[in-house]
Amino acid sequence: MKRLAAATVLVIMGAALSLPAAHAQSARPAATQSKAKGRLFPPQDLGLIQAPDREQWQKPDLIMDALLIAEGSVVADIGAAGGWFTIRLARRVGPNGLVYGEDIQPEMIEAIARRVQDEGLQNVRTVLGTPTDPRLPTPVDAVLIVDVYHEMDDPVTVLRNLARSLKPQGRIGVVGYNAGGGGPGPEREERVDPQTVVNDAAEAGLQLLRREPVPPFQFLLVFGLSPGQQTAESAPAAADSKASRAQKR
């Protein structure tokens with residue numbers, strides 16, 4: 001009888017211990033079940049990153065100035081989500097410029113398209129990328145990666161593909177949250193150390209041009225092509241120009 005009672009206690013304890021894990025797994029959204037999708041921002045929560053005070057702490061003009069984004073520039077907003085930064089880029093580059101609003105979630109692409117239509121903008125093109133390749137269709141003057149670097153499973157490959165889409169003097173800006181955990185943004189353990197981004201960029205053939213704070217919550221890192229990459233990017237353009245001149249003769 002004592003053995004039966006002991007066995008019963010063990011079964012109940014085992015079931016009780018397993019309950020929290022099972023409950024936690026079922027409570028997570030479907031998008032967090034796998035590593036590939038676990039850190040992607042859910043489209044249904046877009047309202048959280050479009051708060052009225054974002055303009056104050058995100059400081060879009062400071063960031064665009066650091067990337068030398070001006071009227072007529074061709075730029076890309078990587079991981080554009082609902083297009084908050086995309087429309088600000090579009091206003092900055094004007095009708096003679098072009099903005100690619102890229103994301104890997106079709107729901108985000110739809111959200112960007114709706115916002116662009118609501119704003120009456122004609123200089124934005126949406127791009128559905130992949131987790132490792134933004135698939136930008138033309139060379140760009142600047143690339144902006146705002147608050148999404150921590151969601152990338154293979155950031156080196158993403159940066160390497162972006163480097164291939166960059167014009168010789170183009171710039172890539174990475175904006176992330178400071179490690180302290182204050183303010184909006186991801187949990188402290190998900191925040192990426194700036195030096196990690198610098199190391200990833202170097203592996204992708206990029207060099208750090210500028211580092212500056214975006215107070216009170218963020219940092220900005222600006223990268224350009226390394227000298228070797230600039231030469232490689234310039235060679236096809238030079239060859240095309242030479243071929244064009246030969247055809248005119």
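Where a number appears in this text, it was derived from the coordinates with a stated rule and is not lab data. This structure is a prediction, so every number in the text was calculated from the model and none was measured. When we count neighbours, we look across all protein chains shown, and the Cβ atoms used for this are built from the backbone with ideal geometry, even at glycine.
Quick check on the range 149-161: of everything there that is in contact (Cβ under 8 Å) with a residue 24 or more places away in the chain and either over 30 Å from residue 53 (Cβ atoms) or over 11 Å from the mean Cα position of the chain (by Cα) (or both), which residue is surrounded by the fewest Cβ atoms within 10 Å (Cβ to Cβ)?
Filtering the range 149-161 for residues that are in contact (Cβ under 8 Å) with a residue 24 or more places away in the chain and either over 30 Å from residue 53 (Cβ atoms) or over 11 Å from the mean Cα position of the chain (by Cα) (or both), the one surrounded by the fewest Cβ atoms within 10 Å (Cβ to Cβ) comes out as 153.
What number of residues in the range 52-106 are touching a residue at least 60 places away in the same chain (Cβ under 8 Å) and small (Gly, Ala, Ser)?
5
Anything in the range 99-121 that is in contact with a Phe, Trp or Tyr (Cβ under 9 Å, 6 or more places away or on another chain) and in a helix (DSSP H, G or I)? List them, or say none.
108, 115
Please determine whether any residue of the range 103-117 is farther than 23 Å from residue 204 by Cα, out of contact with any strand residue (DSSP E or B) (no Cβ under 8 Å at 6 or more places or on another chain) and among the small types (Gly, Ala, Ser).
yes
Say whether the condition of being out of contact with any strand residue (DSSP E or B) (no Cβ under 8 Å at 6 or more places or on another chain), surrounded by 14 or more Cβ atoms within 10 Å (Cβ to Cβ) and either assigned to a helix (DSSP H, G or I) or not hydroxyl-bearing (Ser, Thr, Tyr) (or both) is met by at least one residue in the range 134-148.
No, the conditions are met nowhere in the range 134-148.
Give the range 187-205 a look and list any residue that's touching a residue at least 40 places away in the same chain (Cβ under 8 Å) and either closer than 29 Å to residue 139 by Cβ or not in a helix (DSSP H, G or I) (or both), or say none.
191, 192, 197, 200, 201, 203, 204, 205
Hey, could you check the range 207-229 for residues that are small (Gly, Ala, Ser) and within 17 Å of residue 142 (Cα to Cα) and say which is surrounded by the fewest Cβ atoms within 10 Å (Cβ to Cβ)?
226
So is residue 125 surrounded by fewer than 15 Cβ atoms within 10 Å (Cβ to Cβ) and either assigned to a strand (DSSP E or B) or at positive phi (or both) or not?
Against the criterion (surrounded by fewer than 15 Cβ atoms within 10 Å (Cβ to Cβ) and either assigned to a strand (DSSP E or B) or at positive phi (or both)), residue 125 does not qualify.
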